[in-house]
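First up is the structure itself, then whatever we jot down about it.
The values are calculated or read from the model by the stated rules, or taken from the named source; none is laboratory data. Note that the structure is a prediction, hence the values are computed from the model and not measured. Every residue, glycine as well, gets a Cβ built from its backbone with ideal geometry; the counts of neighbours run over all protein chains shown.
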Amino acid sequence: MARRRKRPVTGFSFNVDSLMDIVTNIVGMLIIIGIISSLTLRTKEFVFETPMVYNTQKESIIFECRNNQIFPVSIDEDNYYLHTYAAFQEVLLPRPGVSGESISDIRKPESEFNKILKKLDPEKQFIYFIVRSDSYEVFREARKLAWEKKVEVGWTPKPKDEVILFSPYGEETKVVD
């Protein structure tokens, strides 16, 4: 009688059925969780308030938010800005070495920002913020403080390095709710 020869083993030599069962169960559970989540989210309402912009006859008191600090632009600006003129426009450049008020500073009742807020007449004036890309935190805190004093607020985002220009042909400051 002839002896049988062993065949060479190719491929896997172990059974992967248990692994396939685990993967199938996990995928099944993820599908069930996804279905339950989508069904529960359908019954909830999400309300996002759209900012409303409107013209006003009130005088704007302008602040700039940059370097996560706040600077008064239209009150006492000579201490914070250098003035120059170009093509019928007034250009304000930040004074070197001058710092504004941080978030922790404006929270203090004796801060310059709070002093200005107390002097404002909400019937005749509103605050307008020029907000740089690095200063949204200080802007939000200042806006919150203004709203607590029932002062209306307007704002516009500006690139970090853009200078402040005032012109008779420039854009109008408006209130943003």
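What to note about this one:
- Candidates Ser60, Ser18, Ser13 - the one that is modelled with pLDDT of 75 or more, farther than 30 Å from Glu101 by Cβ and among the polar types (S, T, N, Q): Ser18
- Scoring Phe113 on the criteria (1) buried (at least 20 other Cβ atoms within 10 Å of the Cβ); (2) part of a loop (DSSP other than H, G, I, E, B) leaves a single failure, condition (2).
- Here Glu101 meets the list (1) out of contact with any helix residue (DSSP H, G or I) (no Cβ under 6 Å at 6 or more places or on another chain); (2) crowded, with 16+ Cβ neighbours inside 10 Å; (3) farther than 19 Å from Ser60 by Cα; (4) not hydroxyl-bearing (Ser, Thr, Tyr) almost entirely, failing just condition (1).
- The set of residues in the stretch 72-82 that are surrounded by 16 or more Cβ atoms within 10 Å (Cβ to Cβ) and not in a loop (DSSP other than H, G, I, E, B) comprises Pro72, Glu77, Tyr81.
- Evaluation of Lys108 against the conditions (1) of a type outside the set (Val, Ile, Thr); (2) out of contact with any Leu (no Cβ under 8 Å at 6 or more places or on another chain); (3) without any contact (Cβ under 8 Å) to a residue 12 or more places away in the chain; (4) farther than 21 Å from Leu145 by Cβ shows that the sole unmet condition is (4).
- Number of the exception - Gly100 against (1) touching a residue at least 60 places away in the same chain (Cβ under 8 Å); (2) in contact with a Phe, Trp or Tyr (Cβ under 7 Å, 6 or more places away or on another chain): (1)
- Unique residue being at pLDDT below 90 and either in a strand (DSSP E or B) or under 25 Å from the mean Cα position of the chain (by Cα) (or both) when the list is Leu92, Leu145: Leu92
- Residues satisfying the criterion are absent from the stretch 161-170 (criterion: part of a helix (DSSP H, G or I) and modelled with pLDDT under 90).
- Counted residues, the stretch 60-71 - those being within 14 Å of Arg132 (Cα to Cα) and either in a strand (DSSP E or B) or out of contact with any Ser or Thr (no Cβ under 9 Å at 6 or more places or on another chain) (or both): 8
- Just one of (1) of a type outside the set (Lys, Arg); (2) farther than 17 Å from Trp155 by Cβ; (3) under 26 Å from the mean Cα position of the chain (by Cα); (4) surrounded by fewer than 16 Cβ atoms within 10 Å (Cβ to Cβ) fails for Glu123. It is (3).
- Going through (1) outside any helix (DSSP H, G or I); (2) buried (at least 16 other Cβ atoms within 10 Å of the Cβ) one by one, Val138 falls short only on (1).
- Among the residues of the stretch 63-80, those that are among the charged types (D, E, K, R) and modelled with pLDDT under 85 comprise Asp76, Glu77, Asp78.
- Residue that is nearest to the chain's Cα centre (by Cα) [pool: residues in the stretch 148-168 that are among the charged types (D, E, K, R) and surrounded by 12 or more Cβ atoms within 10 Å (Cβ to Cβ)]: Lys158
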